[in-house]
Amino acid sequence: MTETLDELARRLEEALPPGAVITDPVRLRTYECDGLTHHRAVPGVVVLPESAEQIAAVVRLCGEYGVPFVARGAGTGLSGGALPRTDGVLVVTSKMRRILAVDLANRRAVVEPGVTNLAITEAVREHGYYYAPDPSSQQVCTIGGNVAENSGGAHCLKYGFTVNHVLALEIVTPDGEIVTLDADDPGYDLLGAFVGSEGTLGITTKVTVRLSRAPQAVTTLLAAFKDIEQGGQAVSAIIGGGVVPAAIEMMDALAIEAAEAAVACAYPRGAGAVLIVELDGPAAEVAHQFAEVERVCLDSGAFELRTAAGPEERAAIWKGRKSAFAAVGRISPAYIVQDGVVPRTALPEVLASIDRLSAEHGIRVANVFHAGDGNLHPLVLFDDAEPGAGERAELVSGRILDLCIEHGGSITGEHGVGVDKSRYMPKMFTDDDLDTMQLVRCAFDSRGLSNPGKIFPTPRLCGEVPGVRKGVHPLVESGRAEQF
Amino acid sequence: MDPELIDDCVHCGFCLPTCPTYVLWGEEMDSPRGRIHLMKQHVEGTPLTDEMAGHFDACLGCMACVTACPSGVRYDKLIEQTRAEVEREHVREPSDRALRELVFQLFPYPRRLRAMRLPLRLSAGLRRRIAPGLERVNPSLAAMADLAPERPSRVRLPRRVEAVGRRRATVGMLTGCVQGEFFPQVNAATARVLAMEGCEVVIPPAQGCCGALPLHSGRPEQAVRFARRTVAVFERAGVDTIVVNAAGCGSTMKEYAEIFEGIGDGEWAGRARAIRAVDLAEYLAELGPAARRHPLPLAVAYHDACHLAHAQGVRSQPRELLAAIPGLELREIAESSICCGSAGTYNLFQPEAARELGDRKAGRVLATRADLLVSANPGCTMQITSAIRRSGAAPIPVAHTAQVLDASLRGLEKVA
């Protein structure tokens, strides 16, 4: 640790409860990465605050010493958005996990940032409500992280992303002020700007979420197809026919194999692709739509249809899908989870191109995706013990994003840009676009201390002062990260 | 610590909310993912510091993370190897060393434990506390709790209990250390239930500790010794199935073959594989009911012992057995997959964390407003009982699944 960090750590200890400041190198290293493990950086200091005031104090002290800070919830992000700074402070909100208020009459709840996504639903389920966005990691990921990444999930096709379900935020600005951003406030939509800003505009300390009424009826259908083309055809026909399912998810053969190995989900044997279609709403509407979906699936070549008879069977159908990412660990020593978006109509073409890429480079790709909105999650599998395999996987993974851009899509659907995809930003945006985004950033964080090095490939305009260090970033120096 | 097992972890974090210490403290180092990271650091050359050992010691070994892990990480194996490494490399404080020595020289030895029981007055005290509660709720259960003789001497189980009616199977029965000495009535009930369901029960008197306690505490040599003796004793008894009514013992005995293989002992692995260890509830569910169930009008909360639910995957069977008793209403305990803090020797070595977890569990148990708590592990029973007593709430009687079945099968409510 540098002298500045040493001194800062001492000041932090004075400002925080006992045990809330971690400086032991062995402990610090356990925070070196989030869910994306190929970017690692041991944080200079870790703090575990318990209130907004404590976070504000931490941020003010960081400002005083010109040290960058990064916020982290449960560390499940998949774009390295919570990658620490070796020269900075990692602000972990995992101790702030109280549900502060539940107001069913007004359908809202106020929670601390460390509350998990699923815990909100669990707190109100018995009253017939739930919190709609449902990332696959919902039992682990925190609402603070959801706000930072504007997280989605299988059901965002019908219900929208985090931004559609957050009514107000209390944040600590990069200057250390505690302010409230409310969706009802007139003027610029600062709340909208903050959600999805990946920690670059400040730290969330309190979230007011919208609670949704649990639908009267839910029907979940599992359709098995010979191949992914048939599945894709069914997706287009369902949406084209005017049905908006709550979710419509597809998995290919390799992803099914992984899920079977992990959770024995018992999907139909011999399926080249499975489609999970969930319909919800008033019972009569669901019944009508269900008949339509069933017909479309059969017309598209589905060889087996299963309908969940109750919540348990529904959970069983979803289990395979929800565990798919981590389950791939069962069939491959290492893998990259990619996240990209293509127009739904381009799905078959893009999937065929991914197949070609896979064959060309000898790298297996498992496909899991939110088919309804064209959000792909290709899982690029490789053996990290095999020389060169990692590089080839990186290449394939990157080429998939190129495909997304070529087809008018996006480099990320819901995992965020983080540190992992900042280098793709110039492929999607012009310098002018990026400069304009940086102006927003600078309006909140003129010194560039709040999660620097994320989203943007290069510091521009107001510049990102890399804390107390000058010159080459230590990560770049050690070859663990690259800067463009 | 096997680097390949460590590398299976993809750092997804799905284990975090299931880990009791993460639930308590919210710190990465005290989560399964964080502990695996620490193991990795150690394997890569970082010395085993006091801090590191502290985080390993703080792990309850409840295996909830193994249930939650989508990547199939064998955290159970990893923490076992790590604990052995800690015992080898880490120098403990003299007071800590002395306490550990006392526990490991006492608990796995039924005869020494028996000598301790009278001065501790544990069994008598427990019964005194439980009996009035049971009396109010259901006199038959009170009678059941009083099955143990007046003086807290042990229940002498015969070497062989004949099957009632047509014999459907012959099984061996493990009597355990803590179960046998502190809860002899549970063993008596187990033998009776098995017999009434048509099993001839063989109870070799020479059996001792199965090895679970030392195995879960980083003492593999002692564990292997106990495992060999257990296998040999049941081989001599001529049974190929051992029914176990203590969760921690059952989970270890199911791993015998793997343990022997781990030390390259193929012969003993083969011998271990020839005998099947099975949990009582698991076995009864498989066997199917033969004896008549008499009504027990009780609201029962079922507690998942970690080494039953997580380590053995036995969750539905005890619930089905209980729910099949006429008049019995089964209630779920919120957060049932989070450990009560007993965790073998954990409440002796990590009293503060154990206490916090115990209080948390007691709150959830009391919220069910059940008449009776059913726990299939002696450690959990003692832990939750003491947490409820501490809370100042009216005590809730605690029984083993076997005891509830025993009361129903014998129609005790009519007897009482």
- line: If amide H atoms are modeled at 1.01 Å from N in the peptide plane, then the residues at a separation of 5 or more from B:Glu200, or on another chain, having amide H under 5 Å from its own are B:Ala163, B:Arg168, B:Ala169, B:Thr170, B:Val171
message: Give me the mean projected area, in nm² to one decimal, of the convex hull enclosing the Cα positions of segment A:217-406.
response: 10.0 nm²
- prompt: Exposure proxy check: A:Leu381, B:Leu308 ranked by fewest other beta carbons within 10 Å?
  reply: A:Leu381, B:Leu308
message: Using only alpha-carbon positions, what ratio does the radius of gyration of segment B:261-357 give when scaled by 2.2 N^0.38 Å?
response: 1.42
Charge-dipole axis of the protein assembly as shown as Lys and Arg at +1 and Asp and Glu at -1 on Cβ define it, positive-most pick from A:Trp318, A:Ser422, A:Phe69: A:Trp318
task: Calculate the length of the line joining the C-alpha centroid of segment A:80-132 to that of segment B:354-416, in whole Å.
output: 33 Å
- line: the protein assembly as shown: spread of alpha-carbon positions along the three principal axes, whole Å, largest first, is 87, 69, 58
message: Nothing charged except the Cβ atoms of Lys and Arg (+1) and of Asp and Glu (-1): what's the magnitude of the dipole of chain A about its Cα centre? Round to the nearest 20 debye.
response: 600 debye
- prompt: So, in Å, what gap is there between the alpha-carbon centers of segment A:134-162 and segment B:213-244?
  reply: 48 Å
- prompt: Cross-link partners among lysines for A:Lys427, C-alpha distance below 26 Å, same-chain residues fewer than 8 apart left out?
  reply: A:Lys454
Residue-count net charge about B:Asp50 - beta-carbon cut-off 12 Å; Lys, Arg +1, Asp, Glu -1: -4
- prompt: Based on the mean of other beta carbon atoms within 10 Å per residue, what is the order of A:267-274, B:76-83, A:27-34, B:186-193, most packed first?
  reply: B:186-193, A:27-34, B:76-83, A:267-274
- prompt: If you count, for every residue in A:27-38, the Cβ atoms of partner chains within 10 Å of its Cβ, what is the mean?
  reply: 5
- prompt: What is the dipole size for segment A:217-406, taken about its Cα centre, with +1 at each Lys and Arg Cβ and -1 at each Asp and Glu Cβ, in debye to the nearest 20?
  reply: 320 debye
task: For B:Lys254, go through the lysines and keep the ones whose alpha-carbon is under 29 Å away, minus same-chain ones fewer than eight residues off.
output: A:Lys319, B:Lys40, B:Lys77, B:Lys361
- prompt: How do B:Val202, A:Val380 line up, fewest other C-beta atoms within 10 Å first?
  reply: B:Val202, A:Val380
- request: With unit charges on the beta carbon (Lys/Arg positive, Asp/Glu negative), name the residue among A:Val243, B:Leu174, B:Leu348 whose Cα is farthest towards the positive pole of the charge dipole of the protein assembly as shown.
  value: B:Leu174
- prompt: For the protein assembly as shown, what is the calculated [θ] at 222 nm in deg cm²/dmol (nearest 500), taking -39500 (n - 2.57) for each run of four or more DSSP H residues and dividing by its residue count?
  reply: -12500 deg cm²/dmol
- prompt: Quick one: net charge of A:Glu260's neighbours, Cβ under 10 Å, K/R +1, D/E -1?
  reply: +1
statement: Each residue of A:322-335 has, on average, a number of other protein chain C-beta atoms within 10 Å of its C-beta equal to 4
message: Along the charge dipole of the protein assembly as shown, pointing to its positive end and built from +1/-1 on Cβ of Lys, Arg, Asp and Glu, which listed residue (A:Leu90, A:Phe382, B:Pro204) has its Cα farthest out?
response: B:Pro204
message: Please compute, for peptide B:67-73, the average count of beta-carbon atoms on other protein chains lying within 10 Å of each residue's beta-carbon.
response: 6
- prompt: In debye, nearest 20: dipole of the protein assembly as shown around its Cα centre with unit charges on the Cβ of K, R (+) and D, E (-)?
  reply: 4700 debye
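Since every read-out is calculated from the coordinates, none of them should be taken as a lab result. Keep in mind that what you see is a predicted model, and the values were worked out from it rather than measured. Virtual Cβ from ideal backbone geometry, glycine too; neighbours counted across all protein chains shown.
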